[in-house]
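**Q** Starting off with a structure, shown below.
The values are calculated or read from the model by the stated rules, or taken from the named source; none is laboratory data. Here the structure is a predicted model, which means the values were calculated and not measured. As a convention, Cβ positions derive from the backbone with ideal geometry for all residues, glycine included, and neighbour counts pool all protein chains shown. In case anyone asks, the SASA skips ligands and DNA or RNA and just uses the protein heavy atoms, side chains included. Shrake-Rupley method; radii C 1.70, N 1.55, O 1.52, S 1.80 Å.
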Amino acid sequence: MPFSSRTLKQPLTLLITLVLIIAASFLAPTEKTIGSNIRLIYIHAAWVWTGKLAFGIAALFGLLGLIFFRQEYLVDLSRSIAYTALFFWLTYLPMSLWVMRANWGGFFFDEPRWRVPFLLGIVAILLQIGLWVFNNKTLTSIGNLVFGVVLWWQLGGAENILHPDNPIGASTSSAIQGSYTLVLILTLIFGAQLALWIYEQRHPILKKA
C-alpha cells in the first residue's frame, strides 16, 4: 500500500474508533444517583486509565531502550507512546472540569485527584518539549522511565475529598460495569492506533512499507 493511502487511512480508522467510543458511552445505561452524567464518567475514567497505562508502557520501553541501547526502535516506541499518553492526559484534564461541573455543581481545584494530575500534566509537557529539543536517545529513555514511575507513584498516593473512590467499580450493576469495560477496551484500541500512527511517522522502515 502506498504511504499516501496509508496516511489517509489511519486518521479515518482513529475517527471510526472515536465514534464507537462516544456511541458506546451514550448508549450505556444510566445510574440512579447521578443519572445520565455517568455517561461522561465512562469516557472520563477510560481516558485517564488509558493515559496512565500509556505513560507506564512508555516507561517500560524507556527501560528497554536503556538496556538494549543499540535498538533505536525501542526509544521510538517509548517516545511515540509517551506522546500518546500526553494526548490523553491533556484532553482528560478539561474533561475532568466538565465532569466536576456536571456532578458537583461547580469546580473544586484543590481536589487532589485534580491537582496532582494537573501538575503532572505540566511536568509532562515540559519534559517532552525538553526531550524533543535535545533529541537524545538516552535522555529520552531516562526521561520517560522516570516520569512514568513518578506518575504512578504520585497518583497511587493521591487522596480523595469530593472525588468518589471508584464509582463504576463499586456499582452492583453488571450492565454499568460491562458498558464501562467496553468503553475502556475501545479507548485502549484508540490509544494503540494513535501510538502506532505517531510511531510510523518517525520510523523509516514502516514508512517504506
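**Q** Here are some conditions: (1) farther than 30 Å from S141 by Cβ; (2) buried (at least 17 other Cβ atoms within 10 Å of the Cβ); (3) modelled with pLDDT of 80 or more. E111 meets all but one. Which one does it not meet?
**A** (3)
**Q** Right, another one. Given the structure, is L194 open to solvent by 30 Å² or more (accessible area, probe 1.4 Å), within 28 Å of L14 (Cα to Cα), at pLDDT 95 or above and not hydroxyl-bearing (S, T, Y)?
**A** Answer is no for this residue.
**Q** Further question: Considering only residues that are open to solvent by less than 20 Å² (accessible area, probe 1.4 Å) and closer than 26 Å to P94 by Cβ, which ones fall in the range 48-70?
**A** Correct list: T50, G51, A54, F55, A58, A59.
**Q** Test Y73 against the stated conditions and say whether it is touching a residue at least 12 places away in the same chain (Cβ under 8 Å), under 19 Å from V123 (Cβ atoms), open to solvent by 40 Å² or more (accessible area, probe 1.4 Å) and not basic (K, R).
**A** When the stated conditions are applied, Y73 does not pass them.
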